[in-house]
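S.K.: Pasting a structure below so you can have a look.
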Amino acid sequence: MISLGLVGYPLTHSLSPLIHKAALNYCGEKGNYALFPVHLDDIHALKALLDRVRDGSIAGLNVTIPHKQRVTLLLDELARPAQAVGAANTIFMRNGKLTGENTDIHGFLADLRKLLAAEPDRHAIIKNALVLGAGGAARAITYALLNDGWKVAVAARRPEQARALIAQFPDHSLDLTRIDYDADAFRAVVPGLSLVVNATPAGMSPDIEKSPWPKGVSLPRLAVVYDLVYTPRVTKLAADARLAGLGAFNGIGMLVEQAAMSFSIWTGFEVPREILFAALEEK
Ligand code: NAP
């Protein structure tokens, strides 16, 4: 019996149980994936859950908002990517140590590579990306892109948040810049962009009329738009991008890829992605 789960708050709309239960079924393993709603200020409950991973009663734990950063302080060891971005979303025991990994990084990159490979006309010869937002997800995306040879500009409505993100990656100072979150700054970088990533919740249900893209600015002509938001499946930004003839994708692929990597860390099983996508089809 494999006991897995997710800690965070709120968890009511999480799709992770569907994905991991499908993965367990596919592998013929008995197990469960439980939701552990734990408030930001309930450090005792978070520690108690981590102790259950330590003693083996939970084999693997996913971590989501609001605990991804603070959980890193409660672990024995961090895998390099988790250490680099200062956040972990996957917890497990390795060599007797409570260990954290960040599978969002791999999940995003795996999905992006697959999508770009399927878009040969738009395939980024020039790897120039604009990341919108500077929160936890933007940090993971920026790290993933920098390590894949991209130049990255970050735009956040609070410049100090973008500066803090940039300060986290001092080894990449030549490839990582900040731009203001306004129409003029966007217009200046648009011509050179081959990828736009929305790492803000703008456009997420129920605010589906919102777009993180400034009004009156044309989207880059030959770029791919990757929206981390997946509720709705086609956001306003993605719809606008498609209307302008761009390739536009949602964050479902990243969700599936990060889950598949977590599941593989915990169980050793690689699950075909179509099994996991199928589990989400009716949602
Ligand atoms: P976060 O840490 O709260 O950061 C959100 C960022 O977006 C902040 O920079 C925030 O700026 C900015 N922002 C919020 N509303 C905005 C708006 N209307 N216009 C411009 N900027 C805005 O959240 P996160 O964990 O990074 O998550 C960001 C999004 O990615 C969420 O929608 C989340 O569901 C999604 N996500 C998807 C996946 C996936 O697997 N597909 C994985 C992780 C995250 P302020 O601080 O100024 O508000």
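S.K.: Can you tell me how many residues in the stretch 147-164 are open to solvent by 60 Å² or more (accessible area, probe 1.4 Å), of a type in the set (D, E, K, R) and away from the ligand (no atom under 11 Å from the Cβ)?
M.R.: Here the count works out to 2.
S.K.: Hey, another quick one. Spot the failing condition for ASP175; the list is (1) over 27 Å from ALA118 (Cα atoms); (2) surrounded by fewer than 23 Cβ atoms within 10 Å (Cβ to Cβ); (3) touching a helix residue (DSSP H, G or I) at 6+ places or on another chain (Cβ under 8 Å), and only one is missed.
M.R.: Every listed condition holds for ASP175 apart from (1).
S.K.: Which one of these does ILE105 not meet: (1) under 27 Å from GLN161 (Cβ atoms); (2) more than 11 Å from the ligand (Cβ to nearest atom); (3) aliphatic (A, V, I, L, M)?
M.R.: That leaves (2) as the condition not met.
S.K.: If you check LEU4 against the conditions, is it open to solvent by less than 60 Å² (accessible area, probe 1.4 Å), part of a strand (DSSP E or B) and either in contact with a Phe, Trp or Tyr (Cβ under 7 Å, 6 or more places away or on another chain) or at pLDDT 95 or above (or both)?
M.R.: yes
S.K.: Scanning the stretch 85-100 for residues that are touching a Lys or Arg at 6+ places or on another chain (Cβ under 9 Å) and in contact (Cβ under 8 Å) with a residue 60 or more places away in the chain, which turns out farthest from LEU165 (Cα to Cα)?
M.R.: Only one residue fits best here, namely ASN89.
S.K.: If the requirement is being on the phi < 0 side of the Ramachandran plot and within 15 Å of the ligand (Cβ to nearest atom), which of these qualifies: GLY60, GLY136?
M.R.: Among GLY60, GLY136, only GLY136 is on the phi < 0 side of the Ramachandran plot and within 15 Å of the ligand (Cβ to nearest atom).
S.K.: Looking at the stretch 236-262, which of its residues are out of contact with any helix residue (DSSP H, G or I) (no Cβ under 9 Å at 6 or more places or on another chain) and either surrounded by 17 or more Cβ atoms within 10 Å (Cβ to Cβ) or not in a helix (DSSP H, G or I) (or both)?
M.R.: Within the stretch 236-262, LYS236, LEU237, ALA238, ALA241, ALA244, GLY245 meet the criteria.
S.K.: If you check ALA167, ALA144, ALA183, ALA202, which single one turns out to be among the small types (Gly, Ala, Ser) and open to solvent by less than 20 Å² (accessible area, probe 1.4 Å)?
M.R.: ALA144
S.K.: Same structure, new question: Assuming MET1 fulfils every condition listed in (1) closer than 26 Å to MET204 by Cβ; (2) of a type in the set (A, V, I, L, M); (3) without any contact (Cβ under 8 Å) to a residue 60 or more places away in the chain apart from one, which condition is it?
M.R.: (1)
S.K.: Next up: LEU195 passes all but one of (1) farther than 17 Å from ASN250 by Cβ; (2) in contact (Cβ under 8 Å) with a residue 12 or more places away in the chain; which number fails?
M.R.: Evaluating LEU195 over (1) farther than 17 Å from ASN250 by Cβ; (2) in contact (Cβ under 8 Å) with a residue 12 or more places away in the chain leaves (1) as the failure.
S.K.: Give the residue that is nearest to the chain's Cα centre (by Cα), with candidates limited to residues of the stretch 188-215 that are away from the ligand (no atom under 14 Å from the Cβ) and outside any loop (DSSP other than H, G, I, E, B).
M.R.: At the first step, the residues of the stretch 188-215 found to be away from the ligand (no atom under 14 Å from the Cβ) are 188-195.
From what is left, the residues that are outside any loop (DSSP other than H, G, I, E, B) are 188-192, 195.
Values: ALA188: 27, VAL189: 24, VAL190: 24, PRO191: 26, GLY192: 24, LEU195: 16 Å.
By that ranking, first place goes to LEU195.
One line per residue, one yes/no per condition, for (1) touching a Lys or Arg at 6+ places or on another chain (Cβ under 9 Å); (2) within 20 Å of ASN250 (Cα to Cα):
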| site | (1), (2) |
| --- | --- |
| THR72 | no, no |
| ALA117 | no, yes |
| LYS127 | yes, yes |
| ASP175 | yes, no |
| ILE179 | no, no |
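S.K.: Also, quick follow-up: Mind listing just one residue for me: the one in the stretch 76-102 that is of a type in the set (Gly, Ala, Ser) and open to solvent by 20 Å² or more (accessible area, probe 1.4 Å) and, of those, farthest from the ligand (Cβ to nearest atom)?
M.R.: My answer is GLY96.
S.K.: Looking at the stretch 216-268 only, could you name the residues that are of a type in the set (D, E, K, R) and within 12 Å of the ligand (Cβ to nearest atom)?
M.R.: Going through the stretch 216-268, the residues of a type in the set (D, E, K, R) turn out to be 221, 227, 233, 236, 240, 242, 257.
Within the stretch 216-268, ASP227, ARG233, LYS236, GLU257 qualify.
The values are calculated or read from the model by the stated rules, or taken from the named source; none is laboratory data. Everything quoted here is computed from the prediction, not taken from an experiment. Virtual Cβ from ideal backbone geometry, glycine too; neighbours counted across all protein chains shown. Heads up: the accessible areas ignore ligands, DNA and RNA and are worked out on the full protein's heavy atoms, side chains in. Shrake-Rupley method; radii C 1.70, N 1.55, O 1.52, S 1.80 Å.
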